[in-house]
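Colleague: Encoded as structure tokens, here's the structure I'll be asking about.
Laboratory data are not the source of any read-out in this text; all were calculated from the coordinates shown. Quick caveat, the model's predicted, so the values are computed rather than measured. Here Cβ is always computed from backbone atoms with ideal geometry, including for glycine, and neighbour counts include all displayed protein chains.
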Amino acid sequence: MFTGIVTQVGQVKGRLRSMPSIAPLGVASPPPARGLKPRSGTAPDTPGKPGASSAVKKRLDKGNVAAFEIKTTGGFLRKLKLGDSVCVNGVCLTVAKKGKLSFMVQAVPETLHATNLDSLKAGSLVNLEPSCRVGDELGGHVVTGHVDAVGRITKIERGSESLTLQIQAPEVIIQHLIVKGSIALDGISLTVQEVGTDFFKVAIIPYTFKHTNLKAKSEGFLVNLEADLFAKYIKKYVCEMSASTAFRAPAMAGDADAVPARGMKPRAGGGGAERSRPLTGEQPFSPITEKFLKEQGF
């Protein structure tokens with residue numbers, strides 16, 4: 001599990017067809033996003049804090065598995081051991097190899113197809129976050145690292161001190177979004193500002209822009225999207241309850257004058273109601289609706 005609080009930004013160094021060696025390699029500063037001025041200086045190399053420099057050095061394709069070697073700082077690497085889960089651009093991957101200044105992760109074809117990892121090339125930035133442990137602070141929201149869909153940045157609105165990104169997204173994402181709800185974008189926990197029929201908007205503060213791969217994004221770039229886990233469970237529950245005949249408003253026990261709930265017929269001789277199939281054209285009663293959840297802030 002992750003929180004969507006990116007702690008490192010890595011950079012792709014190259015794509016190779018042979019086994020990469022784990023060794024430090026100099027990294028050139030990436031170009032700034034279109035219309036944005038480059039930062040002066042470099043990010044501080046502070047262990048465990050956003051802004052420390054790191055890089056995906058190489059890619060190895062062996063059979064149907066792609067391996068990525070990611071150069072990062074000693075502070076970040078100290079949190080990792082072989083077999084650990086690590087979030088790369090919002091994708092939960094496993095640490096397969098570890099060196100002094102880099103580690104390696106692997107991705108199968110399904111992962112490459114379902115995410116933007118296959119588009120990585122030399123110089124591409126990636127967001128990194130170690131897995132969350134019991135007792136850790138949940139600074140963002142619960143992120144599983146299981147990407148639901150890939151979206152596309154279709155518009156960047158620039159304010160004096162912030163950015164607003166418009167993301168084109170499929171229905172599998174849109175149906176789980178509400179204004180002020182959460183969304184993971186390339187592993188970054190963000191708040192939804194606006195929801196349309198096939199898009200949503202998020203606002204980016206200067207700190208997030210500076211310490212994530214968003215500084216290298218422009219219109220047309222692909223981003224990994226993961227809808228809020230709790231929103232997905234609630235949506236599934238509501239849909240199942242709406243289609244179920246088992247969820248009813250029961251009459252009070254012993255109340256002979258109780259009015260039966262929809263889809264229930266009175267017992268012969270009175271004394272409450274018994275369950276029956278819902279009347280034709282009627283939906284089973286459920287107090288938990290999408291409107292109710294939105295009114296409660298979900």
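Colleague: Report, in listed order, any pair from Lys58/Lys201; Lys58/Lys79; Lys215/Lys235; Lys210/Lys294 with a Cα-Cα distance greater than 30 Å.
Modeller: Exceeds cut-off: Lys58/Lys201; Lys215/Lys235; Lys210/Lys294.
Colleague: Related question: Going by amide H atoms built from the backbone, whose H comes under 5 Å of the H on Asp84, apart from near neighbours?
Modeller: It is Val95, by chain and number.
Colleague: Using each residue's phi in segment 97-103, evaluate 6.51 cos²θ - 1.76 cosθ + 1.60 at θ = phi - 60° and report the 3J(HN,Hα) Karplus result to the nearest Hz, with x for Gly and Pro.
Modeller: 7, 9, x, 5, 10, 7, 9
Colleague: Within a Cβ distance under 11 Å of Val150, other residues only, what is the Lys/Arg minus Asp/Glu net charge?
Modeller: On the way: positive: Arg152; negative: Asp118, Asp148, Asp186, Glu226.
Neighbourhood net charge equals -3.
Colleague: Test of understanding: ordering Lys201, Lys100, Lys57 by Cβ neighbours within 10 Å, fewest first, what list do you get?
Modeller: On the way: Lys201 17, Lys100 9, Lys57 26.
By the 10 Å Cβ count, ascending: Lys100, Lys201, Lys57.
Colleague: Using the Kirkwood radius built from alpha carbon pairs, what does the Stokes-Einstein equation give as D for segment 180-235 at 37 °C and 0.692 mPa s, in µm² per second?
Modeller: Values: Rh = 12.3 Å.
Using the Kirkwood radius from Cα pairs, D works out to 266 µm²/s.
Colleague: To continue, here is another question. Using just the alpha carbons, could you tell me how many Å³ per residue the convex hull of segment 73-209 encloses?
Modeller: Roughly 139 Å³ of hull volume per residue.
Colleague: Around Ser131, under 13 Å between beta carbons, what's the net of Lys plus Arg minus Asp minus Glu among the other residues?
Modeller: Values: positive: Lys79, Lys81, Arg133; negative: Asp84, Glu129, Asp136.
Summing Lys/Arg as +1 and Asp/Glu as -1 gives 0.
Colleague: Here is a follow-up. Give the distance, in whole Å, between the Cα centre of segment 169-236 and the Cα centre of segment 119-156.
Modeller: The two parts, judged by their Cα centres, are 10 Å apart.
Colleague: Calculate I(q)/I(0) for segment 149-207 by the Debye formula, one identical point scatterer on each C-alpha and no solvent, and give its log10 at q = 0.18, 0.25, 0.27 Å⁻¹ to two decimals.
Modeller: The calculated log intensity ratios at q = 0.18, 0.25, 0.27 Å⁻¹ are -0.56, -1.07, -1.24.
Colleague: Can I ask one more? Considering amide H positions built from the backbone, and no H for Pro or chain starts, which residues 5 or more places from Ser189, or on another chain, come under 5 Å of its amide H?
Modeller: Ile5, Val6
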